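Asker: Sharing a structure below in structure tokens format, with a few things to ask.
Every read-out reported here was derived from the displayed coordinates using simple, explicitly stated rules and does not represent laboratory data. Quick caveat: nothing in here was measured; it's all calculated off a predicted structure. All Cβ positions, even for glycine, are placed from backbone atoms using ideal geometry, and neighbour counts span all protein chains on display.
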Amino acid sequence: MEIGERIRQVRIHKGLTQTELIKGICSNTYISKIESGKAKPSYSFIMKIAKVMEVEPEFLLNMDIKNIEPDIYRIYETYIQTGKIDSQDLALLKLHARESHSTSTLIKIYYVLISHYTKHDMEEAHQLVEQANNIISSAYTTDENEISYYFHCLSKYFYNNKNYPEALHYSGLYVDSIQHEETSVRLARAYLNLGMVRAKIDEDLELARTYTKKSLQIFEDQDFKAGIGNALAQLAIQYHQNAQYDEALETLDMLSRFSEDFNKSYYAPILAYNYGRIYQKQKKFDQAIECLQNSVEYDMNANQEEETIHAIKVLSEISIERKNWEEASEYLKKGFHLTALYKLPNAHIQLLHLRSQIYKARFDFPAYEKELQQAVQLAQEGYYSLLVKEISIELAEHYYEARAYKMAAKYYQIALLR
């Protein structure tokens with residue numbers, strides 16, 4: 001790579017215009033000639049712009065691909081250990097993501113880049129995933145472990161983007177790639193991840209629970225406490241989702257006892273919320289409300305107002321079940337405020353669904369239909385497949401009962417094509 005192109009790529013990575021880069025240093029004409037390869041910069045010029053871009057001058061001068069391999073390996077290993085990367089190393093990886101490196105080296109580069117940007121800039125992560133898909137084959141095999149880390153980062157990327165079928169694909173590849181690590185904490189995490197993805201796709205969560213139980217067994221064998229707690233929490237949720245309330249309560253009780261000696265403050269709001277959810281399903285509303293209000297209090301005390309949306313939503317459901325419309329409206333108002341403030345599209349759709357039940361109870365069917373239609377549209381746009389199916393079927397059945405057969409057919413078809 002010519003030095004002018006290197007300067008241009010680092011400048012773009014840093015978010016600088018040509019004018020911002022060379023302010024007080026040279027003219028726009030001169031930097032344009034350098035970046036297009038029509039002029040060669042002096043070392044003093046390189047020192048000045050390197051300072052503006054916050055990189056070492058040698059970083060801009062080093063164009064020997066063969067000698068860069070040790071740096072890439074260093075960045076890769078450091079990222080695995082710490083999950084962190086500085087701006088200069090990040091720029092280096094982006095510069096080399098399109099270079100003629102070995103597949104092994106490119107996998108290391110894209111693993112770090114996709115992992116980092118999935119946390120910090122999803123639009124940038126999307127571009128990197130598209131690049132990687134054109135360069136790296138998932139059929140690639142190696143004795144090294146970089147392919148498993150690469151599969152893991154893609155699983156996280158697609159999970160965060162609510163593309164659960166693709167997340168499932170890469171979660172499966174991730175598990176397969178580390179099967180030789182039979183009793184490792186890493187394999188336990190992979191099983192837990194696979195269980196969580198399956199829980200987003202399947203209606204019968206028996207398979208999801210199988211993977212979660214596998215992860216729990218390994219975590220317990222390795223006495224990895226954080227893993228034990230997280231696996232128990234996920235297992236309780238998965239039992240609850242399939243209406244196996246006794247098993248869910250038993251698992252929550254196990255988590256409660258476990259948390260007495262480990263990270264009690266972390267698990268307290270999780271326990272309060274999930275106990276509340278189960279008591280709600282069992283029609284033990286007073287117990288449910290107490291638990292859910294405790295959950296809200298825990299989250300507020302931890303300055304995590306965003307997390308209160310879950311309990312607020314369930315409190316809304318309870319108020320609707322009790323036909324306390326005024327109380328339900330207050331909870332929904334608070335919920336919509338949170339979804340707008342913190343950009344929570346999934347919760348927003350669920351709140352629309354809940355509010356529609358109030359319209360239905362008051363025989364305001366036009367408002368009920370409009371609310372559900374909006375919910376279906378948003379669920380489709382956000383790829384929330386289970387919400388699409390659930391709400392579409394409800395709307396289709398409503399239209400069928402009203403003898404609006406064309407509309408019923410439309411929403412039955414949407415449910416089938418989720």
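Asker: Can you give the FRET efficiency to the nearest 0.05 for ASN324 and LYS14, using r as the Cβ-Cβ distance and R₀ = 45 Å?
Answerer: So the FRET efficiency works out to roughly 0.20.
Asker: Between the DSSP loop rule and a limit of at most 11 other Cβ atoms within 10 Å, which GluC sites (Glu not before Pro) in segment 232-318 are left?
Answerer: GLU260
Asker: Can you tell me how segment 284-418 classifies by the Cα gyration tensor, rounded, prolate or oblate, using a/c under 1.5 as the rounded cut?
Answerer: Prolate is the answer for segment 284-418, as a/c is 1.5 or above and a/b outweighs b/c.
Asker: A follow-up question, please. Fewest first, what order do CYS153, CYS291 take by the number of other Cβ atoms within 10 Å?
Answerer: Fewest to most other Cβ atoms nearby, the residues stand as CYS291, CYS153.
Asker: Would you work out the charge dipole size for the chain about its Cα centre, treating the Cβ of every Lys and Arg as +1 and the Cβ of every Asp and Glu as -1, and quote it to the nearest 20 debye? Write down the numbers at each step before the final one.
Answerer: Working: 48 positive and 58 negative charges, 273 e Å.
That gives the chain a dipole magnitude of about 1320 debye.
Asker: What order, most packed first, do the peptides 13-24, 124-135 have when packing is the mean number of other Cβ atoms within 10 Å of each residue? Please report the intermediate quantities before stating the final value.
Answerer: Working: 13-24: 13.8, 124-135: 15.8.
Packing order, densest peptide first, comes out as 124-135, 13-24.
Asker: Also, I was wondering about something else. Rounded, prolate or oblate: which fits the chain when a ≥ b ≥ c are the square roots of the eigenvalues of the alpha-carbon gyration tensor, with rounded for a/c under 1.5 and prolate only if a/b beats b/c? It would help to have the intermediate numbers written out before the result.
Answerer: Working: a/c = 2.20, a/b = 1.71, b/c = 1.29.
It comes out prolate by the Cα gyration axes.
Asker: Restricting to DSSP H runs of at least four residues, report the calculated mean residue ellipticity at 222 nm for the chain, -39500 (n - 2.57) per run over all residues, nearest 500 deg cm²/dmol. List each step's numbers first, then the result.
Answerer: Details: 23 runs with 320 residues, N = 418.
Theoretical 222 nm ellipticity from helices: -24500 deg cm²/dmol.
Asker: Moving on to the next point. Here is the link list: LYS283/LYS334; LYS323/LYS360; LYS119/LYS343; LYS84/LYS156; LYS119/LYS213; LYS156/LYS200. Which ones come out longer than 20 Å on Cα distance?
Answerer: As for pairs spanning more than 20 Å Cα to Cα, those are LYS283/LYS334; LYS119/LYS213.
Asker: Then there's this: Could you work out how much longer the chain between ASP364 and LYS406 gets when fully extended? Use 0.36 nm per residue separation minus the Cα distance between them, nm to one decimal.
Answerer: 13.0 nm
Asker: Please label the shape of segment 3-63 as rounded, prolate or oblate, based on the square roots a ≥ b ≥ c of the eigenvalues of the alpha-carbon gyration tensor (a/c under 1.5 means rounded; beyond that, a/b larger than b/c means prolate, else oblate).
Answerer: Judged from the Cα gyration tensor, segment 3-63 comes out rounded (a/c under 1.5).
Asker: For segment 83-180, state the average projected area of the convex hull of the C-alpha atoms over all orientations, rounded to one decimal in nm².
Answerer: Mean projected area of the Cα convex hull: 6.1 nm².
Asker: Here's a follow-up. When the C-alpha atoms of segment 344-418 are aligned to their principal axes, what extent does each axis show, in angstrom, from largest down?
Answerer: Projected onto the principal axes, the Cα atoms of segment 344-418 cover 32, 27, 13 Å.
Asker: For a bin width of 5 Å, list the pair-distance distribution of segment 117-270 built from all Cα-Cα distances, rounded to whole %.
Answerer: 2, 9, 17, 18, 19, 15, 11, 5, 3, 1
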